[in-house]
1. At 222 nm, what helix-only mean residue ellipticity would the chain give, in deg cm²/dmol to the nearest 500, using -39500 (n - 2.57) for each DSSP H run of four or more?
2. Spelling out what I want: for every residue of segment 95-107, take phi, set θ = phi - 60°, compute 6.51 cos²θ - 1.76 cosθ + 1.60 (Karplus), and round to whole Hz; glycine and proline get x.
3. Taking the Cα of residue 190, stepping 7 Å toward and past its beta carbon, and measuring to each backbone N in segment 91-120: which are under 20 Å?
4. Roughly speaking, what is the stretch gain from residue 12 to residue 45, that is 0.36 nm per residue apart minus the C-alpha to C-alpha distance, in nm to one decimal?
5. Could you tell me what percent of the accessible area of the chain is made up of carbon and sulfur, with a 1.4 Å probe and every protein chain present?
6. Please turn the phi angles of segment 144-151 into ³J(HN,Hα) values with the Karplus equation 6.51 cos²θ - 1.76 cosθ + 1.60 (θ = phi - 60°), one per residue in order, whole Hz, x for glycine and proline.
7. Cα axis of helix 125-134 to longest principal axis of the chain: angle in degrees, 0 to 90, nearest 10?
8. Compute, for the chain, the length of the dipole vector about the Cα centre, with Cβ point charges of +1 (Lys, Arg) and -1 (Asp, Glu) only. Units Debye, rounded to 20.
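The values are calculated or read from the model by the stated rules, or taken from the named source; none is laboratory data. Here the structure is a predicted model, which means the values were calculated and not measured. No Cβ is skipped: glycine too gets one built from the backbone with ideal geometry, and neighbour counts run over all protein chains shown. Just the protein is used for accessible areas: all its heavy atoms, side chains included, with ligands, DNA and RNA removed. Shrake-Rupley method; radii C 1.70, N 1.55, O 1.52, S 1.80 Å.
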Amino acid sequence: MHNNRRSTNPISRHIQENSSIYSFIIVLFLMGVIFGAIIVNSLSIAQKEDLFYYLKQFFGQVSTGKIATNDDLFRSSFFHNVKFLGLMWVLGISIIGLPLILVLLFLKGLVVGFSIGFLVNQMGWGGFLLSFVTVLPQNLLVIPGFIFTAVMSVMFSLTLIRKIFMKENIHFPFFQIFMNYCLTFIIAMAVVGLAACIEAYLSPELMRAVIKYVHV
């Protein structure tokens with residue numbers, strides 16, 4: 001009964017079958033987040049003051065509506081994330097790029113951890129609110145998209161390694177595996193496209209509301 005239920009849900013079956021890779025990737029990303037938050041505390045007072053000055057300048061522009069248009073923000077966010085995903089995807093094909101996939105995901109976690117950590121460190125509860133509306137909404141989609149792409153890239157790379165170095169020639173439908181790999185990139189692009197919509201059209205409005213409330 002349990003096996004039949006698993007077979008009817010391809011998403012949960014995929015995650016269960018590759019739980020060890022997902023666990024490793026998620027832990028690696030969380031390590032990046034934690035390390036990013038730790039880096040904030042290692043900054044000198046002068047470095048924090050300089051960063052916070054530029055941050056206040058940016059928040060001032062947001063509150064007066066002097067930032068880029070929503071369409072420009074969408075394009076910037078979408079193409080930035082697609083380039084990041086595309087790099088991981090290509091590294092999965094290259095085999096030797098396998099360690100770099102892990103490095104990229106760690107760096108993504110580091111950026112998220114640093115962004116949240118710096119806002120909270122400098123602004124306390126107000127910083128937490130700002131991070132909640134500026135960092136969290138789009139990353140609720142971006143992060144799973146990156147983790148999914150990283151897992152599929154690692155799996156594809158390991159498949160190629162087994163094929164080339166272990167001479168596994170029996171029952172190896174490479175074309176089907178590669179097409180599925182291409183499909184994962186298209187799915188990930190759709191996810192970050194939706195995230196870019198949130199970042200471009202929703203987050204700025206939320207940010208303006210919070211800036212007025214916390215008085216940056």
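1. On the way: 10 runs with 184 residues, N = 216.
Mean residue ellipticity, 222 nm, calculated: -29000 deg cm²/dmol.
2. With coefficients 6.51, -1.76 and 1.60, one gets 6, 5, x, 3, x, 5, 4, 5, 5, 4, 5, 4, 5 Hz.
3. Zone members listed by number: none at all.
4. On the way: separation 33, 0.36 × 33 = 11.88 nm, distance 4.68 nm.
Fully extending the segment from residue 12 to residue 45 adds 7.2 nm.
5. Working: 8830 of 12550 Å².
The value for the chain is 70 percent carbon and sulfur by accessible area.
6. x, x, 5, 5, 4, 5, 4, 4
7. Roughly 50 degrees, rounded to the nearest 10.
8. On the way: 14 positive and 8 negative charges, 72 e Å.
Using Cβ point charges on Lys, Arg, Asp and Glu, the chain gives about 340 debye.
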